[in-house]
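The structure appears right after this line, and notes come after that.
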Amino acid sequence: MSVPDPGAELVEIVDEDGVVLEVVTRREMRARPQARHRCTYVVVVRTDGRVVVHQRAAWKDVSPSAWDLAFGGVCGVGESWVVSATRELEEEAGLVGLDLLDLGPVRWGDDRVALLGRVFVTVHDGPLAPADGEVVALDEVPVDQLDAWMASRPLVDDTPVVVPPLLRDWWRSR
């Protein structure tokens with residue numbers, strides 16, 4: 001049995017408004033840092049305000065072994081925001097059938113990547129079951145302690161910037 005090559009997956013390159021410009025492999029997208037792509041973020045929050053955070057596997061092509069505030073990833077070709085978020089939540093956290101609340105769009109980029117994304121949140125007090133190997137550890141951090149938690153460990157580059165403002169606004173408005 002052969003192992004799938006994630007670099008061969010097809011990805012949409014989009015403009016600032018999300019209009020598809022071309023479809024390339026993930027490997028090609030990663031080789032072109034300013035090739036904007038779509039991605040989703042799903043924050044899992046307990047009813048008492050603890051955010052479920054996770055550590056990424058060492059084999060990940062971006063931010064290996066780093067901690068992340070949201071489950072998610074690159075949208076598939078033709079995949080809607082909700083379908084992508086639902087798929088990523090199932091793949092990375094083993095959670096299915098949960099209601100997702102769309103917190104809104106985000107844009108982020110640096111010298112290595114450019115993305116157009118959407119942040120979702122779901123409230124879930126049950127267990128998580130990461131099964132695909134992308135997640136190697138879980139922890140829970142109260143929303144009001146995220147800054148201290150983020151300052152104390154290696155993090156992915158994007159979620160510490162794009163997730164907290166939307167998450168805090170949503171948490172205050174509940």
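The values are calculated or read from the model by the stated rules, or taken from the named source; none is laboratory data. Every value quoted in this text rests on a predicted model; they were computed, and no experiment measured them. Positions of Cβ are generated from backbone atoms using ideal geometry, with glycine treated the same way; all protein chains shown enter the neighbour counts. Side chains included, ligands, DNA and RNA excluded: accessible areas come from the protein's heavy atoms. Shrake-Rupley method; radii C 1.70, N 1.55, O 1.52, S 1.80 Å.
Summary table below
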| quantity | calculated |
| --- | --- |
| Any hit, region 11-23, residues being under 20 Å from His124 (Cα atoms) and in a loop (DSSP other than H, G, I, E, B) | no |
| Sole residue being in a loop (DSSP other than H, G, I, E, B) and either crowded, with 19+ Cβ neighbours inside 10 Å or of a type in the set (Val, Ile, Thr) (or both), chosen from Val77, Val51 | Val77 |
| Total residues in region 103-117, condition open to solvent by less than 30 Å² (accessible area, probe 1.4 Å) and over 12 Å from the mean Cα position of the chain (by Cα) | 3 |
| Residue selected from region 82-102 under the condition within 13 Å of the chain's Cα centre (by Cα) and surrounded by 19 or more Cβ atoms within 10 Å (Cβ to Cβ), by the criterion nearest to Pro165 (Cα to Cα) | Ala85 |
| Hits in region 60-73 (condition: buried (at least 22 other Cβ atoms within 10 Å of the Cβ) and either more than 14 Å from the chain's Cα centre (by Cα) or among the aliphatic types (A, V, I, L, M) (or both)) | Leu69, Ala70 |
| Conditions (1) modelled with pLDDT under 95; (2) over 23 Å from Arg153 (Cα atoms); (3) not in a loop (DSSP other than H, G, I, E, B); number of the one not met by Glu92 | (2) |
| Residue within region 133-156 that is within 19 Å of Arg36 (Cα to Cα) and either in contact (Cβ under 8 Å) with a residue 24 or more places away in the chain or touching a helix residue (DSSP H, G or I) at 6+ places or on another chain (Cβ under 8 Å) (or both) present | yes |
| Residues satisfying the stated conditions in region 118-174, i.e. open to solvent by 70 Å² or more (accessible area, probe 1.4 Å) and in contact with a Lys or Arg (Cβ under 8 Å, 6 or more places away or on another chain) | Asp125, Val136 |
| Criterion (among the small types (Gly, Ala, Ser), open to solvent by less than 70 Å² (accessible area, probe 1.4 Å) and under 30 Å from Val141 (Cβ atoms)) met by exactly one of Ala57, Ala8 | Ala57 |
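Every residue, every condition in (1) touching a residue at least 12 places away in the same chain (Cβ under 8 Å); (2) in a helix (DSSP H, G or I), yes or no:
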{"position": "Thr86", "(1), (2)": "yes, yes"}
{"position": "Val96", "(1), (2)": "no, no"}
{"position": "Arg107", "(1), (2)": "yes, no"}
{"position": "Asp111", "(1), (2)": "yes, no"}
